[in-house]
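These notes are about the structure you will find just below.
FYI, it's all coordinate maths here, none of it is from the lab. Predicted model, so just to flag it, every value in this text is computed and none were measured. No Cβ is skipped: glycine too gets one built from the backbone with ideal geometry, and neighbour counts run over all protein chains shown.
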Amino acid sequence: MKITTWNVNSVRARKNHILAWLETARPHALLLQETKCEGADFPFADFRAAGYESFCCGQKAYNGCAVLSRLPIADAQCGMPNRPHDKQARVAAVTVAPSGGGENLRLISAYIPNGGEVGAEKYEYKLEWLADFAEYIADAARDFPGGVAAGGDYNIAPADEDIYDPAHWGAGNILVSKPERAAFAGLLARGYADAHRLFTQPRGVFSWWDYRAASFSRNRGLRIDMFLLTPPLATKCESCAPDSAPRTWEKPSDHAPVTVRLRAEE
DNA sequence: ATGGTAGTTCTACTA
């Protein structure tokens, strides 16, 4: 079974990229972030024609998460129950029966706040949001013994290996500051593994490259898009890798899709 | 320290 997460930076601007990528990659599910539109503008029909049902948790212009799935979707939920006051569309969750059989899986598409800059109001929002997200995924781990895959744009580079140049993008910067990394460690402490770190990885594997300063052609990137897996899925995980090909296409998202492969039940 | 680009929306805001 294959599951992918992709911050597409507008589902409407990237519709053809998504369809072209799905046609060859054919994951069972695709978790999207930064869809940047309400449900009324979401291209449900185009994805259905490609074999995918969609659940959209959107808002106008900013944020927005969705789940596309070739497997039937149940118990779709928009947002976190422990943040009922929060109007920002940053979480979409669904339940699916795994393609290889076995207990139901919970798939969570998450768009963690960027934070602006360290110390800013948006930064405080990010840390507060992450504290609630930790509780939310802890509850999911308990409620779904078959496994939880929380994929998304975490907007945190957990370690120095996840930065093209730690000297240039150091601890005072957004995405790498100590409190952000501590918050990320807090997510793992809820019983999750960063799928990328289950394997020996080469240097220079990133998932996001700034549009500016020719960052992609120089591989000046960060690894901020991740899959967090509970033990039932971590033990079945065969690989976790970004696909940088779509980043080379015309008018790309600034993020690459990241895919985990899970072994089927015996 | 600054600026470089992109999407949404229409003037700035977010990233």
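Here are some pairs, A:K15/A:K60; A:K126/A:K178; A:K36/A:K87; A:K122/A:K178; A:K15/A:K251; which of them have Cα atoms lying more than 19 Å apart in this structure?
Working: A:K15/A:K60 17 Å; A:K126/A:K178 13 Å; A:K36/A:K87 14 Å; A:K122/A:K178 16 Å; A:K15/A:K251 11 Å.
Over 19 Å apart, Cα to Cα: no pair at all.
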Point to revise | Footprinting exposure proxy for A:L187, A:L71 (fewest neighbouring C-beta atoms within 10 Å first) | key: A:L71, A:L187
Check your understanding: At A:K251 and A:K15, where each label point lies 7 Å from the Cα along Cα→Cβ, what is the point-to-point distance in nanometres?
Key -> 1.2 nm
Review point. In what order do A:T230, A:T235, A:T5, A:T259 fall by count of nearby beta-carbon atoms within 10 Å, going from fewest to most?
Key: A:T235, A:T259, A:T230, A:T5
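Contour minus end-to-end for A:T235 and A:A40, with contour as 0.36 nm per residue of separation and end-to-end as the Cα-Cα distance? Before the final figure, lay out the partial values.
Working: separation 195, 0.36 × 195 = 70.20 nm, distance 3.89 nm.
Residue separation times 0.36 nm, minus the Cα-Cα distance, leaves 66.3 nm.
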Practice item. Order the peptides A:17-23, A:248-254 from the highest to the lowest mean number of other Cβ atoms within 10 Å of their residues. Key: A:17-23, A:248-254
Check your understanding: Restricting attention to the stretch A:155-241, which trypsin sites (Lys or Arg not before Pro) occupy a DSSP loop and are surrounded by at most 12 other Cβ atoms within 10 Å?
Key -> A:R203, A:R212, A:R218
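Rounded to the nearest 500, what is chain A's calculated 222 nm mean residue ellipticity when only DSSP H runs of at least 4 contribute -39500 (n - 2.57) each, over all residues? Walk me through the numbers before you get to the answer.
Details: 5 runs with 55 residues, N = 266.
Only helices count here, giving -6500 deg cm²/dmol.
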Check your understanding: Which one of A:Q201, A:Y211, A:A241 has its Cα pushed farthest toward the positive end of the charge dipole of chain A, where Lys and Arg give +1 and Asp and Glu give -1 at the Cβ?
Key -> A:Y211
**Study point:** Estimated distance in nm for a label pair at A:E23 and A:Y62, the labels positioned 7 Å out from Cα along Cα-to-Cβ
**Key:** 3.6 nm
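Please report, largest first and rounded to whole Å, the three semi-axes of the ellipsoid equivalent to the stretch A:60-115, where each semi-axis is the square root of five times an eigenvalue of the C-alpha gyration tensor.
The equivalent ellipsoid of the stretch A:60-115 has semi-axes of 25, 12, 9 Å.
Can you tell me the dipole magnitude for chain A around its Cα centre, using point charges on the Cβ only (Lys, Arg +1; Asp, Glu -1), in Debye to the nearest 20? Please report the intermediate quantities before stating the final value.
On the way: 30 positive and 32 negative charges, 100 e Å.
With Lys and Arg at +1 and Asp and Glu at -1, about 480 debye.
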**Study point:** Cysteines not pairable in chain A (beta carbon separation under 4.7 Å absent)
**Key:** A:C37, A:C56, A:C65, A:C237, A:C240
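For chain A, what is Rg from Cα atoms divided by 2.2 N^0.38 Å, rounded to two decimals? Could the numbers behind the result be given before it?
Values: Rg = 17.0 Å, N = 266, 2.2 N^0.38 = 18.4 Å.
Against the compact-globule rule of thumb, the ratio is 0.93.
How do A:H28, A:H168 rank when sorted from fewest to most other Cβ atoms within 10 Å of their own Cβ? Kindly include the intermediate steps, with their values, before the conclusion.
Working: A:H28 20, A:H168 9.
Lowest count first: A:H168, A:H28.
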